[in-house]
1. Could you pull out every residue, at least 5 positions away or on a different chain, whose amide H is within less than 5 Å of the one on residue 9? Hs are placed 1.01 Å off N in the peptide plane, and Pro or chain starts have none.
2. Mean separation of Cα pairs under 8 Å and 6+ residues apart, divided by the residue count of the stretch 277-456: what relative contact order is that in percent?
3. Taking R0 as 56 Å, what FRET efficiency do you get between residue 289 and residue 550 from their Cβ-Cβ distance, rounded to the nearest 0.05?
4. Based on alpha-carbon positions alone, could you give the equivalent ellipsoid semi-axes of the stretch 277-456 from the gyration tensor, as √(5λ), descending, whole Å?
5. Just subtract the alpha-carbon distance of residue 216 and residue 449 from 0.36 nm times their residue separation and send over the number in nm, one decimal.
6. Output the relative contact order of the stretch 193-260, whole-number percent, from Cα pairs under 8 angstrom with separation of 6+ residues.
7. Each residue of the stretch 424-438 in turn: what ³J(HN,Hα) in whole Hz from Karplus with 6.51, -1.76, 1.60 and θ = phi - 60°, glycine and Pro shown as x?
8. Pairs of lysine in the stretch 277-456 with Cα under 26 Å and at least 8 positions apart or on different chains: total?
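The values are calculated or read from the model by the stated rules, or taken from the named source; none is laboratory data. Everything numeric in this text was worked out from a predicted model, so none of it was measured. FYI the Cβ positions are ideal-geometry reconstructions off the backbone, even for glycines, and counts take in every protein chain you see. Calculation scope for accessible area: heavy atoms of the full protein, side chains included, ligands and nucleic acids excluded. Shrake-Rupley method; radii C 1.70, N 1.55, O 1.52, S 1.80 Å.
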Amino acid sequence: MVQKYQSPVRVYKYPFELVMAAYEKRFPTCPEIPVFLGSEILHESKSDDGAIHIIERSCKLNVDAPRLLKKVHPENEEWTCFEQSASLDIKSFFGFESTVEKIAMKQYTSNIKRGKEVIEHYLKELISQGITFIPRWTPPVAQGQKAEQAPAASHDTSDAALEAGAHGATKEQTGSSCPPAEPVSPDADKLDADYIERYLGQLTPMQESCLIRLRQWLQETHKGKIPKDEHILRFLRARDFNIDKAREMLCQSLSWRKQYQVDYILQSWRPPALLDEYYTGGWHYQDRDGRPLYILRLGQMDTKGLVKALGEESLLRHVLSINEEGQKRCEENTNLFGRPITSWTCLVDLEGLNMRHLWRPGVKALLRIIEVVEDNYPETLGRLLIVRAPRVFPVLWTLVSPFINENTRQKFLIYSGNNYQGPGGLVDYVDKEVIPDFLGGDCMCTVPEGGLVPKSLYQTDEEPENADHIRLWTETIYHSASVLRGAPHEIVVEILEGESVITWDFDILKGDVVFSLFHSKRAPETSHKEATLPSTSAAGDNVQLIDKTWVLGVDYSRVESPLVCREGESIQGSHVTRWPGFYILQWKMHGPLPCSGTSLPRVDDVLASLQVSSHKCKLIYYYEVLASKDFRGSMSSLESCNSGFSQLSGATTSSSQSQSSSHLSR
């Protein structure tokens, strides 16, 4: 595998002819570059008019010596822009050709980093010898034409023949009335070494080379807007400057950005009022290193309510807009502080974090968001400061950390209790003047305080979608359903192994329903049915599976006792299966219990029946099947600390020979 190197453009404040003379002094050997053991001229030729001078050289290790392109500087035609490229190909080394090539190229580039110093050294040597001016080449004067000096186009190459072209052409007046031509600006596809140091930071020669080569590849192949240099550099860093892996990752991200119009998200995305009020995050000055600082009061955020009220689509778009804004602020701080700022800092306050934040659908939505951010915004997070981590935090960290890149995890700093105060805490990373007041600082922070999202704001699939953008996720965690009298909503779960765990989480948005779980060895058939009452509309998202000809106890059996769920209640539960087959989750409209002997129906049941008899019930639900070995320690059974009581009787558990639990939170 041939190793390649491409340098950035380096500027010498000397004329081109003098720089070329200094460059020639590097050959055949150069004590200033120890890795350069020697060279020999393979071929040398000049054009008839002397405009082109080509020298091909090779060194003992088959390291192709640099290729030069003559250019004048756009600000001063007496300055020279200088860049180099090299390739190394070891033909035979006992099967270790690739390894030796990498070692040799690393040594070569580490010396090339001093290339500008070497040229400056020989320039001073020429000046000390009294050589301060070398005449420019002029084309032969054709007979009968006025003599006029033409553009210089001398080239020197090593192991490569270069065409002359008119790169950096200049024209000088020699007794003619013609004004001098404006100097040609350097190509927009070139990176200046000073620019890299000023806006991108300190890079090794090979890192500079990877950036330049990937940038050139994009310019040659990518249709559309080329990403900014700092954006390309982030992908290279994410893949340890493996140019092939970085190219693949970047191309996938560019396709994603184009497909979902992410480039315009800051202009098109308008956060719902619900987010402005209940999303406890916002930008807050910068840290000690000049990185933009984002504060997230996660412990005060009703993540469960936000997911159910907005859906993960809106939350993802909001997170993407935060990342886009973060990159924009990094560019602004780079100009403000005069040094490269390529990442931002996030300060997460976990005060108030409890089991409510760890319910499985929310964690699942969080992991999906992390995956999107990791794939498309690598190396944007410079530091993550987590303060006031409670005892439950290790559980969340165990769930989330495997999905976070190792390089990102190394940027996490975690403080429990009040350990963030004093030396070694926040003051090491954030100026005391900008530490938020709720963390003991003097700075007023405008980040919303959050609170519980009202259940009246929970959304259903029936609500209209925003037609202004393409959906980032075609699937949602929560689904909605309607339940009508005589038309329950049912879903089926096929279990292939005996011991699996069915988990569920649903909210009753309208009306009262009864939830049950059944088991059958027969596969039910899906049917969509209309409402039985003429005054109601079609069931729409209502699905029925249990055939009316089926007999309870014969064709199917009940494995969970009925659970009455009132309007506004949130229900979570799980069931450990014992047999393979088909498990049916059923929600049906709740009505008064039939009279038995002298027993009378409850007044609440009669009133509820009268109240919902003329309309359908609505709910949103989530379910998942886990292998029993994965259930232990999972968040499926962890619920809000407001959970009240279990609705399951011991008789149900023993009769079905299953381990199960259901929790009710109000």
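1. Amide H neighbours of residue 9: 191, 192, 193.
2. On the way: 289 pairs, mean separation 54.5, N = 180.
Reported relative contact order: 30 percent.
3. Details: r = 67 Å, r/R0 = 1.20.
It comes to 0.25.
4. Details: eigenvalues 120, 76, 55 Å².
Computed over the stretch 277-456, the values are 24, 19, 17 Å.
5. On the way: separation 233, 0.36 × 233 = 83.88 nm, distance 4.72 nm.
Contour length minus the Cα-Cα distance gives 79.2 nm.
6. On the way: 30 pairs, mean separation 17.4, N = 68.
Over the stretch 193-260, the number comes to 26 percent.
7. Rounded to whole hertz, the list is x, x, 4, 5, 6, 10, 10, 4, 4, 5, 10, 5, x, 4, 6.
8. Lysine pairs satisfying the spacing and distance rule in the stretch 277-456 number 9.
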